[in-house]
Amino acid sequence: MQKRRILQSIEVILIPFLLGVGTVAPRPSHAAVSLSPLELTQLKYSLKARDALLGAETAPVPTERFLNDSDYWVVTVVSSRCPCSAAHESRIKALAERYKKSKFAFLGVHANADETQEEARAHFEKARFPFPVLSDRLGQWAHSLGALKTPHAYIINARSGAIVYQGGVDDSTHPDRASRFYLSEALEDLSDGKAPRVSQTRALGCQIKRD
C-alpha cells in the first residue's frame with residue numbers, strides 16, 4: 001500500500017512535466033485570436049524604425065498606405081536557414097506581387113534566436129522580398145501571434161486586429177508537391193468579400209528557436 005502511494009505521488013509530480021504542463025513561460029500551443037490595439041500600434045512603430053528591417057538595401061520602406069490604409073496585413077514568419085521557409089519564398093513573393101495594388105499589405109517577420117542578424121540580413125537582401133522583413137530579435141511578434149514554425153502565415157484585419165487566417169502557406173513542406181494553397185485561397189476569398197474558406201491550418205516547416 002505504501003509503495004503504491006509513493007508511485008502515485010511520483011506520477012502526480014512527473015506527469016505534468018511530461019505533458020508540458022506547468023512549465024515556466026511555455027511556448028504558445030496555438031496562435032492568438034487577435035492582436036490588441038496596443039500591439040497594432042507597436043507593430044506600426046517597429047516598422048517605422050529602419051534599423052529594425054532586414055534586407056535594408058532592397059526592402060521597400062513601409063509607406064503610409066501600408067501603415068494606415070491597408071485593410072489586411074499578410075504576415076509570414078520566415079527563416080534565413082530553414083529549407084521549408086526558403087522553398088516557399090518564391091510563392092510568397094508571387095502572392096505579394098499579385099496583390100501589391102490591393103487592400104493587402106505584406107510583411108515578413110524574422111524571429112529565430114539561433115540565426116544572427118548578419119546572417120539574416122544577408123539572406124533577406126539576397127531573397128529580395130517585395131515587402132519589409134521585420135527583425136523580431138526578442139521574439140515579441142512570434143510570441144504574440146503564437147507562431148511555431150517557419151513559414152507560418154497570418155492574415156490580420158488591420159483595423160480590428162482579428163486574425164482571419166493562420167497556418168501554412170500550403171499543405172506541403174515542398175511547394176511543388178502541394179495540393180492545397182491555403183494562403184492564396186484565403187486572399188482570394190477576402191478579395192471577393194468573403195470569409196476565408198479555411199481559417200486555420202497546420203504550419204509545416206522548421207521549429208522557431210527562441211531564447
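Suppose a student asked you for the relative contact order of segment 28-207, using Cα pairs under 8 Å spaced at least 6 residues apart; what percent would you report?
Details: 351 pairs, mean separation 52.7, N = 180.
With pairs under 8 Å counted, the relative contact order is 29 percent.
Using a simple charge model, +1 on the beta-carbon of Lys and Arg, -1 on the beta-carbon of Asp and Glu, nothing else, what dipole does segment 28-207 show about its Cα centre, in debye to the nearest 20? Present the calculation step by step, with values, prior to reporting the outcome.
Working: 22 positive and 21 negative charges, 51 e Å.
For segment 28-207, the charge dipole is close to 240 debye.
What are the lysines whose alpha-carbon lies under 25 Å from the alpha-carbon of residue 103, with same-chain residues fewer than 8 places away excluded?
44, 48, 93, 194
Please report 144, 135 as a ranked list, fewest other C-beta atoms within 10 angstrom at the top and most at the bottom. Could you put the intermediate results ahead of the total?
Details: 144 18, 135 22.
Exposure proxy ranking, most exposed first: 144, 135.
Name the lysines eligible as straight-distance cross-link partners of residue 209: C-alpha to C-alpha under 16 Å, and not fewer than 8 places from it in the same chain.
Hits, sequence-local ones excluded: 149.
Could you give me D for segment 114-186, from Stokes-Einstein at 20 °C and 1.002 mPa s, where the hydrodynamic radius is the Kirkwood radius over C-alpha pairs? Units µm² s⁻¹, please.
Estimated diffusion coefficient is 151 µm²/s.
Given C-alpha coordinates of segment 28-207, what is the ratio Rg to Rh with the Kirkwood estimate of Rh?
When Rh is taken as the Kirkwood radius, the ratio is 0.92.
Since every read-out is calculated from the coordinates, none of them should be taken as a lab result. Treat the numbers as computed from the prediction; the structure is a model and nothing was measured. Because the Cβ atoms are built from the backbone with ideal geometry, glycine has one as well, and the counts that use them run over all protein chains shown.
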